[in-house]
Amino acid sequence: MEERKLRCQRNRNRSRSRGRGLRCPIDHCLLESNGRKYHLHAERVEQLRAHGVSKRQAVLALLNSSTVTLTHSWLEEFWCRECQCRRWFFVSQTGERYDLALATAEHWQQSGVQYVPERGNPSVSEFTLTHARGTRLREGRR
């Protein structure tokens, strides 16, 4: 029983320390994920070709459905310790390697999200936003 506990603890330590080790392309510091991800979707053959899919596979995939989810490309929010801010990055994964770029308007369109989280939801009133921010500020001062 004791041996099992040690092995479990060893696995936890390994996964905690390793991480993905993603560095900010702007500040070159380590980034912390905020956990929110939006996968990209392709509706045209050209979009799939841009992500490394062969023309034949792209045509076949789009014949089966109108959109294809790109599993190795997504938008993710990160916290940058250097500049103390949140940023959205376009992440593409190739094997064990991750490439980061700042998210563009085209990426947001391809993700299918109705609104860009940085700008907020246009259907929410200014009154609601103000009071939501005020509550967070008051809780932080305590």
Semi-axis lengths, Å, the stretch 22-117, gyration tensor of Cα atoms, sqrt of 5 times eigenvalues | 28, 14, 9
Which net charge results for the neighbourhood of Leu62, defined as the other residues with beta-carbon distances under 9 angstrom from its beta-carbon, given Lys and Arg at +1 and Asp and Glu at -1?
-> 0
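Ordered by packing density, taken as the mean number of other Cβ atoms within 10 Å over each peptide's residues, highest first, how do 75-84, 52-61, 122-131 rank? Walk me through the numbers on the way to the answer.
On the way: 75-84: 15.4, 52-61: 12.9, 122-131: 9.5.
Highest mean packing first, the order is 75-84, 52-61, 122-131.
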For the stretch 22-117, the charge dipole (Cβ of Lys, Arg +1; Cβ of Asp, Glu -1; about the Cα centre) points to a positive end, and the Cα of Leu30, Ser92, Thr71 closest to that extreme belongs to Thr71
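Bear in mind these aren't lab numbers, they're just calculated from the coordinates by the rules spelled out. Quick caveat, the model's predicted, so the values are computed rather than measured. So basically every Cβ, Gly included, is an ideal-geometry build from the backbone, and we count neighbours across all protein chains shown.
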